[in-house]
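Scroll down for the structure; my scribbles are underneath it.
Just so it is clear, none of the values below were taken in a lab; they were calculated from the coordinates. Since the model is a prediction, treat every value here as computed from it, not as a measurement. Counting neighbours? That spans all protein chains shown, and the Cβs are built from the backbone with ideal geometry, glycine included.
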Amino acid sequence: MDYKQAGMEQRTIEIASPGRINIIGEHLDYNDGFVLPAAIDKRIRLKLMANGTQSRCTIRSKGFEGVLEVDLYSLAPSNENWHNYILGVLNELQKMTQSVKGFDCEMETNVPAGSGVSSSAALECGLAYGLNALFELGLDRWQLAHLCQRAEHTFVGSKCGIMDQFASLMGKKHHAMLLDCQSLAFEYIPTPLDPYVLLLLNTNVTHNLAASGYNDRREESAAALALVAERFNVDPSYRNLTLSMVDDCEDALGEVLFRRCRYVLEENKRVLEAAEALKKGDLARLGELMYLSHHGQQKKYEVSCNELDFLVDLARGEEHILGARMVGGGFGGCTLNIIHKDHVDNFVAKAKTAYERKFNIALTSFVTVPSDGTALQ
Ligand code: GLA
């Protein structure tokens, strides 16, 4: 029975689901490494209503044109990219349970898309979390994170790691999270940054490479790992490699794979050191590690771009900024800056002028704080 047609009241729930930043540890989640993300105070809000039908779903988004109408019994990828995040989640839920029924969804977001702060995980996790609550599916947060990750692999085509879905679902106000992507153990680390704040500068570019480059890096790091692990007869996990093992394989790896492999091990060390620095309140060291991290992403893992490098270089010259680096998959998106709160306005104005003069693209910015994960409203 269609509740609307029958004039019946629809059960409604509302969810807010955040994007994320990553303080340090990029491209390590799919390499058995450590990452240090936090959910942010930019969120997608979804209103979900069971509509009484078996399988008819209608999804409206304020940020996107048009309405997505879906039948749960005939799910297939679409040519419209944002549809695929939704279709992928529905497809995974259908594989796990037959308990999702027809629903209507309205959503609105202030998470900037294509900016390295994972508007995609915010959407996937918000929808999965909401349907789990609405239809009482009984899935826990880890099950939701994994099904959202699979949705991205199958319907979107990005072979992402688990960091974004984890951060969106597990975020905690005023905390970052040190996640061991091998064991999935994690700890919350308080982030008392005052008088410093987290400033994001958005290049407002997403280079074409973003999708293909991501999967390429994944393949390259896996190929490099396989070679070194075989040479030393260890199980193929970056956890089993040391820098000296990698150095011994320099010729066999060749220049590119050598750089990728070194990056993974070096960045992993930086994450652990950064987590310690954060615990001790040593923000100066944390900032230095962020600059080193960016250098690795620029020169060794090669996931940065001119626009990001320009903004990080600009930050380096500022005494009131402790550290800066690109966040997320790279090839565009945002830089994250740890900056003294009294100097945000000046720096943003300066960066805007310099960036717009150089690239003729508008620079946007926002200050954020570590925030709670996906939740009912
Ligand atoms: C994207 C992916 C994540 C992670 C980052 C890079 O955001 O979705 O899984 O790999 O890139 O750290």
*Limited to the range 120-143, what total is found for residues that are surrounded by 22 or more Cβ atoms within 10 Å (Cβ to Cβ) and either within 16 Å of the ligand (Cβ to nearest atom) or under 27 Å from Ala211 (Cα atoms) (or both)?*
10
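If you go through the range 18-36 one residue at a time, how many are within 23 Å of Asp372 (Cβ to Cβ) and of a type outside the set (Phe, Trp, Tyr)?
Residues in the range 18-36 being within 23 Å of Asp372 (Cβ to Cβ) and of a type outside the set (Phe, Trp, Tyr): 11 in total.
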*Between residues in the range 234-247 that are charged (D, E, K, R) and residues that are assigned to a loop (DSSP other than H, G, I, E, B), which pairs lie under 8 Å by C-beta distance while being six or more apart or on different chains?*
Arg239/Asp32; Arg239/Gln182
*asked:* For a quick check of your reading of the model, give me the residue pairs whose first member lies in the range 55-79 and is outside any strand (DSSP E or B), whose second is of a type in the set (Gly, Ala, Ser), with beta-carbon atoms closer than 7 Å and at least 6 apart or on different chains.
replied: Ser55/Gly102; Leu72/Ser55; Tyr73/Ser55
*When Val264 is evaluated against the numbered criteria (1) under 20 Å from Pro37 (Cα atoms); (2) hydrophobic (A, V, I, L, M, F, W, C); (3) away from the ligand (no atom under 14 Å from the Cβ); (4) assigned to a helix (DSSP H, G or I), which criterion, by number, is the only one it fails?*
(3)
*asked:* What are the pairs with Cβ atoms under 7 angstrom where one residue, in the range 310-336, is without any contact (Cβ under 8 Å) to a residue 40 or more places away in the chain and in a loop (DSSP other than H, G, I, E, B) and the other, located anywhere, is more than 12 Å from the ligand (Cβ to nearest atom) and of a type in the set (Val, Ile, Thr)? Sequence gap at least six, or different chains.
replied: His320/Ile339
*Filter the range 145-189 down to the residues that are assigned to a strand (DSSP E or B) and without any contact (Cβ under 8 Å) to a residue 40 or more places away in the chain, then identify the one that is nearest to the ligand (Cβ to nearest atom).*
Phe186
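Hey, among the residues in the range 91-119 that are in a helix (DSSP H, G or I) and touching a residue at least 40 places away in the same chain (Cβ under 8 Å), which one's surrounded by the most Cβ atoms within 10 Å (Cβ to Cβ)?
Ser119
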_For the range 245-284, give me the residue count where each residue is among the basic types (Lys, Arg) and either surrounded by fewer than 17 Cβ atoms within 10 Å (Cβ to Cβ) or touching an Asp or Glu at 6+ places or on another chain (Cβ under 6 Å) (or both)._
4
